[in-house]
Amino acid sequence: MAGLELLSDQGYRVDGRRAGELRKIQARMGVFAQADGSAYIEQGNTKALAVVYGPHEIRGSRARALPDRALVNCQYSSATFSTGERKRRPHGDRKSCEMGLQLRQTFEAAVLTQLHPRSQIDIYVQVLQADGGTYAACVNAATLAVLDAGIPMRDFVCACSAGFVDGTALADLSHVEEAAGGPQLALALLPSSGQIALLEMDARLHEDQLEQVLEAAAQAARDVHTLLDRVVRQHVQEASILLGD
Amino acid sequence: MAFVALSEAEKVYIVHGVQEDLRMDGRGCEDYRCVEVETDVVSNTSGSARVKLGHTDILVGVKAEMGTPKLEKPNEGYLEFFVDCSANATPEFEGRGGDDLGTEIANTLYRIFNNKSSVDLKSLCISPREHCWILYVDVLLLECGGNLFDAISIAVKAALFNTRIPRVRVLEDEEGLKDIELSDDPYDCIQLSVENVPCIVTLCKIGYRHVVDATLQEEACSLASLLVSVTSKGVVTCMRKVGKGSLDPESVFEMMETSKRVGKVLHTSLQSVLRKEESLGPKRQKVGFLG
C-alpha cells in the first residue's frame, strides 16, 4: 500500500518502535472511591477506564439469575470525543455491543463465578481516547478493576493486539497500523497457564504465518502481565502503608 | 440521579446541623468542597478539562468542526452540548438509563448559554451563510457525588478556556469559488474568551436554610433546589427551580443573593487557577487520572 511505510528497512515502525515492542503502559488502581473497584490504564495514546460493581443482587428480572454461578455483565462505551472523528453515540451501537459481549466472554473464563451464585458482577469500561488496541486496553483495565474490587479470579487476563507486515509480526498496533488494513489479531491470555480466553482475527492471513503472529501476541501479553503485576503489588503496598501494617 | 438511602435519624441530624451553619464535613453553608481542575487531559480534542469536586468526577471534551451556520443566525457559529451519564457513576445508568438525566443537563446547558454575551459566537464565523465553526461540547459524567450542575459548568468553562481553534483563511479565486486554507503552524489558533461564560450555583433548601454544593446525603434531605447561572460580574443568565418541594418567594430572593455572592468568588478563583495552569506552558507535567 503506497504512502505510509509501516515497517522501515531498519526494522522501525511508524512511531519508532521495534516489531515486538509494546507502547508505554501506565496504570492505576482505585481511581474512584464510590465504585467497588476501578482502574485506569494508558497504553501509548489509548486511555481506558474500567469500573466494577459487585457482586450484588441481580438487577432487573430475577429470572436471569443463574443457580450455580454469578452473571457477568459488561458494557463497553467510548466517549464521543475519543476518536479523531466525533462519534455520535457513546454506546448502544453494534460495535459497542459486540465489544461488550467479547469482554463478557473473556471475563467469564477468568472470574471464579461459582463462588457467587445468583448474583451479578457489572464491569463497565469507558474508552477516553482511542489510538488502536482499544480491546486490549479495556481488558487490561478491567482486570485491574476486578482485582481492585476483590473479586477472586483464576489468573490475570492480559490482552494485546498483533498484526503482520512484510513478513514480520508486529505487536500492539496503533491506530495508524490498524487503519492500514492488514491482518489484525486480538488475543486475551491467562499468563500463568498460557490458556487463551479470547482470540479474534480480522482480514486475510496465511495459516503458515498464524503461529508467528500468535506467538508475538502471546509474548506481548506476557510482557503486559509483568507490568500489571507490578502495578498491583505497588497498589497493595501503598494500601497497607496507609492501613499502618 | 444516583441516590443514597438515609434513615430518618440521619436526615434529622443533617437538618439540625445546617440550622447551626455546620455541615457533616465541617463546612459552612456557603463553602464549596475542594475542587481540582485540570485542562488538556484528552489529546484528540480541541480542548478538554477534568473537574473533581469531592466524589463528583466530570470530563469535558470540546471538538471544533466546520459546518454551515444556522439559517436565522448566518454570521455566527454555535455550540452543541451532549451529556453522557456513563454507567461508571452508578449501575442504574447502564444502557439507556442515564439518558433522562443527560438530556436534562444538556437542556440546562443550552439555556444558560442562550444569550448574546456568554460566548462570542461571531468569532466562530468563517464566511457568512457558508462556513462556521461548530463547537461540540461533550460532557462525560464519571462519578456522581452530588452537585452535578456546578461541577459540569466549571468543567465546561475550563474546557472552553482550553479550546484552541485553528486559524483558517478563505481564499477566493477568479471563478468565485471559495477555498478554505488551514494555517501551516499547528500553534496558530484562536482562543475563545471565557470572561462572560456563566457558572451554575446550586442552592439546596434544607430546613429553613439553604446550602451551596450539597453532597448526595444533603441532596436526599432537601426537597427543593434553585439552580442559578451566574457570570463573573454577578449577572444572572438563567434560573431554575428543581425538586419536588416548593419554595417561598422570600427564600428565592435570598438564595439569588447568595448565589451572586458565591458565584463571584467561584469565578475569581477558577480564573486565577486556569491562568496559573496556562502559564506553566506546554512543559507542564500532565497528571490526568494517574495522580
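The values are calculated or read from the model by the stated rules, or taken from the named source; none is laboratory data. Owing to the predicted nature of the structure, the values given are computational and were not obtained by experimental measurement. Neighbour counts run over all protein chains shown; Cβ positions are idealised from the backbone, glycine included. Heads up: the accessible areas ignore ligands, DNA and RNA and are worked out on the full protein's heavy atoms, side chains in. Shrake-Rupley method; radii C 1.70, N 1.55, O 1.52, S 1.80 Å.
Just name one of B:Leu141, B:Gly77, B:Ser225: the one whose Cα is farthest towards the positive end of the charge dipole of chain B (beta-carbon charges, Lys/Arg +1, Asp/Glu -1).
Towards the positive end, the residue furthest out is B:Ser225.
Can you list the HN-Hα couplings for region B:163-173, worked out from phi with the Karplus curve (6.51, -1.76, 1.60; θ = phi - 60°), rounded to whole Hz and with x for Gly and Pro?
Once θ is set to phi - 60°, the couplings for region B:163-173 become 6, 10, 9, x, 7, 10, 10, 9, 9, 10, 9 Hz.
In whole angstrom, how far apart do the alpha carbon centroids of region A:131-163 and region A:44-86 sit?
One Cα centre to the other: 13 Å.
Under 1.5 on a/c is rounded, so check that first for chain B, then, if it is not, pick prolate when a/b is larger than b/c and oblate when it is not; a ≥ b ≥ c are the square roots of the alpha carbon gyration tensor eigenvalues.
Details: a/c = 2.12, a/b = 1.91, b/c = 1.11.
Prolate, because a/c is 1.5 or more and a/b exceeds b/c.
Using alpha carbons only, how many degrees (0 to 90, rounded to 10) separate the axis of helix A:134-149 from the longest principal axis of chain A?
With rounding to tens, the tilt is 30 degrees.
What's the percent breakdown of Cα-Cα distances in the protein assembly as shown across 20 Å bins, shortest bin first?
Over the protein assembly as shown, the share of Cα pairs per 20 Å bin runs 20, 50, 27, 3, 0 percent.
How about B:Lys241: which lysines have a C-alpha closer than 28 Å to its C-alpha, ignoring those fewer than 8 places off in the same chain?
Those lysines meeting the cut-off are B:Lys11, B:Lys52, B:Lys116, B:Lys157, B:Lys205, B:Lys233, B:Lys260, B:Lys264.
Roughly how far apart, in whole Å, are the Cα centres of region B:22-88 and region B:223-291?
12
Report for chain A the percent antiparallel among DSSP-assigned beta bridges with both residues inside it, nearest 5.
Values: 40 of 48 bridges.
So the antiparallel bridges amount to about 85 percent of the total.
Per the 1.4 Å probe, what fraction of the accessible area of the protein assembly as shown, in percent, lies on carbon and sulfur atoms?
On the way: 12930 of 25390 Å².
Accessible surface attributable to carbon and sulfur in the protein assembly as shown totals 51 percent.
How well do other chains shield peptide A:23-35, expressed as the mean number of their Cβ atoms within 10 Å of each residue Cβ?
Numbers: counts 0, 0, 0, 3, 2, 4, 0, 0, 7, 8, 5, 12, 6.
Mean shielding count: 4.
On a 0 to 90° scale, report how tilted helix A:94-110 is relative to the longest principal axis of chain A, with both axes built from alpha carbons and the result rounded to the nearest 10.
Once rounded, one gets 70 degrees.
Keeping all protein chains in place, calculate the accessible area per residue for chain B (probe 1.4 angstrom), answer in Å². Let's see the in-between values first.
On the way: 13980 Å² over 291 residues.
Per residue, chain B has 48 Å² of solvent-accessible surface.
Give the peptides B:71-82, B:3-14 in descending order of average Cβ contacts within 10 Å, highest first.
Details: B:71-82: 16.0, B:3-14: 12.5.
Descending packing order for the listed peptides: B:71-82, B:3-14.
Rounded, prolate or oblate for region B:93-243? Axes are the square roots of the Cα gyration tensor eigenvalues, ordered a ≥ b ≥ c, and the cut-off for rounded is a/c under 1.5.
Working: a/c = 2.88, a/b = 2.34, b/c = 1.23.
It is prolate, given that a/c is not under 1.5 and a/b is the larger ratio.
Among B:Met239, B:Met24, B:Met256, determine the one that fluctuates most according to a GNM of chain B built with springs between C-alpha atoms less than 10 Å apart.
Taking springs between Cα atoms under 10 Å, the residue moving most is B:Met24.
Add +1 for every Lys or Arg and -1 for every Asp or Glu among the other residues with Cβ under 11 Å from the Cβ of B:Pro128, and state the total.
Working: positive: B:Lys73, B:Lys122, B:Arg129; negative: B:Glu76, B:Glu130.
Spelling it out: positives minus negatives among the neighbours equals +1.
Which residues make up the longest stretch of chain A that has no GluC sites (Glu not before Pro) in a DSSP loop with at most 14 other Cβ atoms within 10 Å?
Values: sites that count: A:Glu5, A:Glu85.
That gives A:86-245 as the longest site-free run.
Per the Cauchy relation, a quarter of the hull surface: what is the mean projected area of the convex hull of the alpha carbons in region A:21-241, in nm²?
Working: hull surface 51.6 nm².
With the hull built on Cα positions only, its mean projection is 12.9 nm².
Place the peptides B:207-218, B:29-40 in order of packing, highest mean first, counting for every residue the other Cβ atoms within 10 Å and averaging per peptide. Spell out each step's value before the answer.
Working: B:207-218: 21.0, B:29-40: 17.8.
The peptides rank, most packed first, as B:207-218, B:29-40.
Ranked highest first by the average count of other Cβ atoms within 10 Å around their residues, in what order do B:257-266, A:135-144 fall?
On the way: B:257-266: 18.5, A:135-144: 28.9.
So the order, starting with the most tightly packed, is A:135-144, B:257-266.
How large is the direction-averaged shadow of the alpha-carbon convex hull of region B:164-291, in nm²? Working shown, then result.
Values: hull surface 53.7 nm².
Convex hull of Cα atoms, orientation-averaged projection: 13.4 nm².
With a/c under 1.5 counting as rounded, go ahead and sort region B:1-98 into rounded, prolate or oblate using the C-alpha gyration tensor (a ≥ b ≥ c being the square roots of the eigenvalues; past the cut-off, prolate if a/b is larger than b/c, else oblate). Display every interim value, and only then the final one.
Working: a/c = 2.41, a/b = 2.09, b/c = 1.15.
Judged from the Cα gyration tensor, region B:1-98 comes out prolate (a/c at least 1.5, a/b above b/c).
Trypsin sites (Lys or Arg not before Pro), restricted to region A:1-39: which are DSSP loop and have at most 15 other Cβ atoms within 10 Å? All intermediate terms of the calculation are to be shown ahead of the outcome.
Details: sites: A:Arg13, A:Arg17, A:Arg18, A:Arg23, A:Lys24, A:Arg28; in loops: A:Arg17, A:Arg18, A:Arg23, A:Lys24.
Counting only loop positions with at most 15 other Cβ atoms within 10 Å, the trypsin sites (Lys or Arg not before Pro) in region A:1-39 are A:Arg18, A:Lys24.
Pick from A:Gly37, A:Gly16, A:Gly132: which residue has the top mean-square fluctuation in a GNM of chain A where Cα pairs under 10 Å get a spring?
Top of the fluctuation ranking is A:Gly16.
What is the interface area between chains A and B, defined as buried accessible area summed over both chains with a 1.4 Å probe, reported in Å² to the nearest 100?
Values: alone 12840 and 15460 Å², together 25390 Å².
Approximately 2900 Å², summed over both chains.
With N residues in region A:51-120, what two-decimal value do you get for its Cα radius of gyration over 2.2 N^0.38 Å? Can you show the working numbers first?
Values: Rg = 14.5 Å, N = 70, 2.2 N^0.38 = 11.1 Å.
The reported ratio for this selection is 1.31.
Can you give the mean number of other chain Cβ atoms that lie within 10 Å of the Cβ atoms in peptide A:82-88?
Values: counts 6, 2, 2, 3, 10, 1, 2.
The shielding value for this peptide is 4.
Is there a quick way to get the dipole size of region B:217-290? I mean about its Cα centre, with the Cβ of Lys and Arg at +1 and of Asp and Glu at -1; what is the value in debye to the nearest 20?
On the way: 12 positive and 8 negative charges, 118 e Å.
With Lys and Arg at +1 and Asp and Glu at -1, about 560 debye.
Where nothing but the Cβ of Lys and Arg (+1) and of Asp and Glu (-1) is charged, how large is the charge dipole of chain B around its Cα centre, in debye to the nearest 20? Walk me through the intermediate numbers first.
On the way: 33 positive and 45 negative charges, 146 e Å.
In total the dipole reaches around 700 debye.
What's the average, rounded to a whole number, of partner chain beta-carbon atoms within 10 Å of each residue's beta-carbon in B:42-55? Each step should come with its number before you reach the end.
Working: counts 7, 4, 13, 6, 1, 1, 3, 0, 1, 0, 0, 0, 1, 3.
Partner-chain Cβ atoms within 10 Å, mean over residues of B:42-55: 3.
If you average the sequence gap of Cα pairs under 8 Å that are 6 or more apart and divide by the length of chain A, what percent do you get for the contact order? Please list the in-between numbers first.
Values: 517 pairs, mean separation 51.0, N = 245.
Relative CO of chain A lands at 21 percent.
Against the longest alpha carbon principal axis of chain B, how many degrees, from 0 to 90 and to the nearest 10, is the axis of helix B:249-279 turned?
Tilt relative to chain B: about 50 degrees.
First select every other residue whose beta carbon is under 13 angstrom from the beta carbon of A:Ala65; then total the charges, Lys and Arg +1, Asp and Glu -1.
After counting each charged neighbour, the total is +3.
Using +1 on the beta carbon of Lys and Arg, -1 on that of Asp and Glu, and nothing else charged, what's the dipole of the protein assembly as shown about the Cα centre, debye to 20? Numbers along the way, then the final one.
Numbers: 57 positive and 75 negative charges, 246 e Å.
With Lys and Arg at +1 and Asp and Glu at -1, about 1180 debye.
Given springs between every Cα pair under 10 Å in a Gaussian network model of chain B, which of B:Ser127, B:Ser48, B:Ser86 has the largest fluctuation?
B:Ser127
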